[in-house]
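The values are calculated or read from the model by the stated rules, or taken from the named source; none is laboratory data. Just so we're clear, the structure is a prediction, and the values are computed from it rather than from any experiment. So basically every Cβ, Gly included, is an ideal-geometry build from the backbone, and we count neighbours across all protein chains shown. When the accessible area is computed, the model is the full protein with side chains, heavy atoms only, and any ligands, DNA or RNA have been set aside. Shrake-Rupley method; radii C 1.70, N 1.55, O 1.52, S 1.80 Å.
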Amino acid sequence: MSRFEDARSKKVIFVSSCLLNTNNKVRGLGRYPGMCKDVFDVLHQNDLGIQQMDCPETLYLGIQRWWYTKNLYDNRGFRDHCREIAERTVTYMEEYRRAGYKTVGVLSCDGSPTCGVSITSYDENWGGSPADLNFNDAIVEGEGVYIEELKAAIADRGLEVPPFYGLALDDESVPIEKILDDFRAYIKKISSK
């Protein structure tokens, strides 16, 4: 092997911050102590490099924020904040592509008001004085604010939109093994392309 060649796979997956560091999650929704090692073992076994995406919620409201639903985040100020983060993320994707690397996917946190891929949270009853509301009652189909802005930023740059996958680690109604089995099958499929 020449000094210009090495063992890198040139395959990268972009991962939501809270999947790498549960300390970024809003209090009460951390299902694992630091990170879900099983998720990262799967990525490692499939030779995928990990590019961590910034957490829009933590950067906007901090670690001790209240629980929010998408309707509370869906405003021009927060969308602009998400778009700025998305543009930085897309610059990484663009640079990887220019170097001959492949962005195999985006792994995010389903159920999140910002990073949900197929499910997010929305409830008009949220807002105003803090109340004891059930987060599970607010889960709806749809994408989070950041995911919408990220897809738009990718398209605006003329890049191929990679597959997005929402990992529903916060869904306590589904056994963690079922969640991980579905995830393993998905990663195997996208990493072999």
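Add -39500 (n - 2.57) for each DSSP H run of 4 or more in the chain, then divide by its residues: what number comes out at 222 nm, to the nearest 500 deg cm²/dmol?
-11500 deg cm²/dmol
Please identify the chymotrypsin sites (Phe, Trp or Tyr not before Pro) of the range 42-83 that satisfy two criteria: DSSP loop assignment and at most 15 other Cβ atoms within 10 Å. Which are they?
Details: sites: Y60, W66, W67, Y68, Y73, F78; in loops: W66, W67, Y68.
Of the chymotrypsin sites (Phe, Trp or Tyr not before Pro), the ones in loops of the range 42-83 whose Cβ has at most 15 other Cβ atoms within 10 Å are W66.
How many Å² of accessible area per residue for the range 139-190, probe 1.4 Å? Before the final figure, lay out each step's value.
On the way: 2590 Å² over 52 residues.
With the other protein chains kept in place, the range 139-190 gives 50 Å² per residue.
Which far-off residues, 5 or more places away or on another chain, put their amide H under 5 Å from the one on L167, with H placed in the peptide plane?
Here S108, C109, D110 satisfy the definition.
How tilted is helix 76-98 with respect to the longest principal axis of the chain? Cα atoms for both, answer in degrees (0 to 90, nearest 10).
That helix lies at roughly 10 degrees to the long axis.
Need one number: nm distance between label points at N23 and E84, each 7 Å from Cα along Cα→Cβ, rounded to one decimal.
Label-label distance for N23 and E84, simple model: 2.4 nm.
Go through the range 89-193 and name the chymotrypsin sites (Phe, Trp or Tyr not before Pro) that are in a DSSP coil and have 15 or fewer other Cβ atoms within 10 Å of their Cβ. Please report the intermediate quantities before stating the final value.
On the way: sites: Y92, Y96, Y101, Y122, W126, F135, Y146, F164, Y165, F183, Y186; in loops: Y101, Y122, W126.
Answer in residue order: no site qualifies.
On the protein heavy atoms, probe 1.4 angstrom, tell me the percent of accessible surface of the range 111-193 carried by carbon and sulfur. Provide the component values of the computation, followed by the final result.
On the way: 2130 of 4350 Å².
For the range 111-193, the apolar C and S fraction of the accessible surface comes to 49 percent.
Going from most exposed to least, what order do R97, R157, R88 have by accessible area with a 1.4 Å probe?
Solvent-accessible surface, decreasing: R97, R88, R157.
On full extension of the chain, what length is gained from N136 through Y92, given 0.36 nm per residue of separation minus the C-alpha to C-alpha distance? Provide the component values of the computation, followed by the final result.
Numbers: separation 44, 0.36 × 44 = 15.84 nm, distance 3.40 nm.
Extra length from N136 to Y92 when fully extended: 12.4 nm.
Based on Cα coordinates alone, diagonalise the gyration tensor for the range 1-97, multiply each eigenvalue by 5, take square roots, and list the semi-axes in whole Å, largest first.
On the way: eigenvalues 180, 74, 15 Å².
Computed over the range 1-97, the values are 30, 19, 9 Å.
Compute the length gained on full extension between K10 and D182: take 0.36 nm times their separation in residues and subtract their Cα-Cα distance, giving the result in nm to one decimal.
On the way: separation 172, 0.36 × 172 = 61.92 nm, distance 2.42 nm.
Extra length available between K10 and D182 comes to 59.5 nm.
Determine the order of E160, E84 by accessible area, beginning with the largest, at a probe radius of 1.4 Å.
Values: E160 155, E84 120 Å².
The ranking, largest first, comes out as E160, E84.
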